[in-house]
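The values are calculated or read from the model by the stated rules, or taken from the named source; none is laboratory data. In this text the structure is predicted, and so the values were computed from the model without any measurement. Note: ideal-geometry Cβ built from the backbone for every residue, glycine included; neighbour counts use all protein chains shown. Side chains are part of the model used for accessible areas, which takes the heavy atoms of the whole protein and leaves out ligands, DNA and RNA. Shrake-Rupley method; radii C 1.70, N 1.55, O 1.52, S 1.80 Å.
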Amino acid sequence: MKLRYNYRIYPDASQRAALAQAFGCARVVWNDCLRDRKEAHTAGLPYVTSAELSKVRITQAKRTEERTWLAEVSAVVLQQSLRDLDAAFKNFFDSLTGKRKGPKVSPPRFKSKKDTRQSIRLSTSAFSLNENGTVHVTKVGCLKVQWSRPLPATPTSLTIVKDSAGRYFASFVVDAAPDLLPDLDSEVGIDLGLATFATLSDGTKISSPKFLRRAEKKLKRLQQDLSRKAKGSKNRAKARIKVARQHARVADRRRDWHHQTSTQIIRDNQAVYVEDLAVSGLARTRMAKSVHDAGWTQFVNMLQYKATKHGRHFGKIGRFEPTSQVCSVCGVKDGPKPLHVREWTCGRCGTVHDRDENAAHNTLAAGRADRLNASQSAGKTGAKIPAQRVEAGSRPAGHPAAAGIPGP
């Protein structure tokens, strides 16, 4: 499976200038190629191929007076920018034809030097890992990396990112083997919420940290300082960086907490079931700030890929499943209930239910039923199903894989 590992990097002044030039050249190639394809489409001409764009907008453009500075950066950066554009068009076309599932993908847009996030992507021919812990990037130099953990395998690509707070990151993609955990008998259903972030079917309740709400006071003061600065001034740019850094701290704390919580749930349970929430719809209601602060989508994605990595089962039930309306004891449907109703009594069996715990129990039951139906259907139709693990184990403690990884 492919995994992505992010590390903080600290380029010096000359390296920051070289990265800024690389960001700009990659952006120019993207915009030039996108403009050519848009103009060809408007004129009714055939789709401009990547080979033609590479010849005109990269190879020949380097010899012109207007684009001679394209030769000052690595050619890999320019070629990867064109490949990224091809991938964006492919995703757009696949979304139109139905080959790509999920939300509709918009067509590629032009990039601006004022975008808060700048990035370049490199193949293995344009970077290398040094024994002293640095990463050498062609025409940039040896970048200092803060190795928070070793890479599990030799990276296949590198993306260098500058975020809105002015921080630089190196994002490696590696082909890693699954780290299977020992089998367990426990399974759990999860009901996600706002006041209580997650309620598990075993009775565990995980409180919501509300990182954004806790940082609102400082964010309000920094935002007021930003609004008082004259547009285009250096003081406004400094104030914007302060606001971006505070938002980055909030996002980092939320992500770290999501990682810890999701890892613990995956380690303690053989199967995890959640509800497929309509987050984009809830984010347009009066609860939008709380929904964004909870970060349900990020948390569920972590559960999904960690389940795959560690050999656990992950399942989603339909978003229209009436988990809050059905009694988990007798199965009677008691009708919808307002959000302020946190406890209710079943009219048939008289069981007093906690709203969230009852929903978690129903999520577990629905997830198990979906999994059983899928296995039975696969057995009848001959479809492929994941093989059952007979024996598995984790790596010995203190001996992580470190193929091709420099020392910290």
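Structure summary
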{"quantity": "For G141: the one exception among (1) at pLDDT below 95; (2) surrounded by fewer than 17 Cβ atoms within 10 Å (Cβ to Cβ)", "calculated": "(1)"}
{"quantity": "Residue tally, condition open to solvent by less than 80 Å² (accessible area, probe 1.4 Å), at pLDDT below 70 and of a type in the set (A, V, I, L, M, F, W, C), over segment 371-390", "calculated": "2"}
{"quantity": "Extreme residue, nearest to P11 (Cα to Cα), among residues of segment 126-158 that are in a loop (DSSP other than H, G, I, E, B) and of a type in the set (V, I, T)", "calculated": "V140"}
{"quantity": "Filter pass, A170 being over 20 Å from A307 (Cα atoms), touching a helix residue (DSSP H, G or I) at 6+ places or on another chain (Cβ under 6 Å) and in contact (Cβ under 8 Å) with a residue 60 or more places away in the chain", "calculated": "no"}
{"quantity": "Segment 328-370 - residue that is over 17 Å from G203 (Cα atoms) and touching a residue at least 40 places away in the same chain (Cβ under 8 Å) and, of those, most open to solvent (accessible area, probe 1.4 Å)", "calculated": "R368"}
{"quantity": "Single condition R254 does not satisfy, out of (1) open to solvent by 40 Å² or more (accessible area, probe 1.4 Å); (2) modelled with pLDDT of 95 or more; (3) among the basic types (K, R)", "calculated": "(1)"}
{"quantity": "Members of segment 23-51 found to be open to solvent by 50 Å² or more (accessible area, probe 1.4 Å) and either of a type outside the set (D, E, K, R) or without any contact (Cβ under 8 Å) to a residue 40 or more places away in the chain (or both), listed by number", "calculated": "K38, E39, H41, T42, A43, G44, L45, P46, Y47, T49, A51"}
{"quantity": "Sole exception among (1) under 24 Å from the mean Cα position of the chain (by Cα); (2) in contact (Cβ under 8 Å) with a residue 40 or more places away in the chain; (3) not in a strand (DSSP E or B) for K114, by number", "calculated": "(2)"}
{"quantity": "Enumeration of residues in segment 291-301 that are in a helix (DSSP H, G or I) and not polar (S, T, N, Q)", "calculated": "V291, H292, D293, A294, W296, F299, V300"}
{"quantity": "First in segment 272-291 and without any contact (Cβ under 8 Å) to a residue 24 or more places away in the chain, second anywhere and open to solvent by 40 Å² or more (accessible area, probe 1.4 Å), Cβ under 6 Å, 6 or more apart", "calculated": "V279/T297"}
{"quantity": "Residue list for segment 72-111, restricted to those being more than 22 Å from the chain's Cα centre (by Cα), assigned to a loop (DSSP other than H, G, I, E, B) and surrounded by 15 or more Cβ atoms within 10 Å (Cβ to Cβ)", "calculated": "V73, S74"}
{"quantity": "Residue, nearest to G311 (Cα to Cα), within segment 1-22, restricted to residues that are open to solvent by 60 Å² or more (accessible area, probe 1.4 Å) and either assigned to a strand (DSSP E or B) or among the β-branched types (V, I, T) (or both)", "calculated": "K2"}
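Rundown of residues vs (1) in a loop (DSSP other than H, G, I, E, B); (2) at pLDDT below 95, yes/no style:
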site	(1), (2)
K289	no, yes
L303	no, no
K316	no, yes
S324	yes, yes
V329	yes, yes
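Okay, residues lined up against (1) over 18 Å from A215 (Cβ atoms); (2) in a helix (DSSP H, G or I):
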position	(1), (2)
D256	no, yes
T261	yes, yes
I265	yes, yes
V272	yes, no
L277	yes, no
G281	yes, yes
R284	yes, no
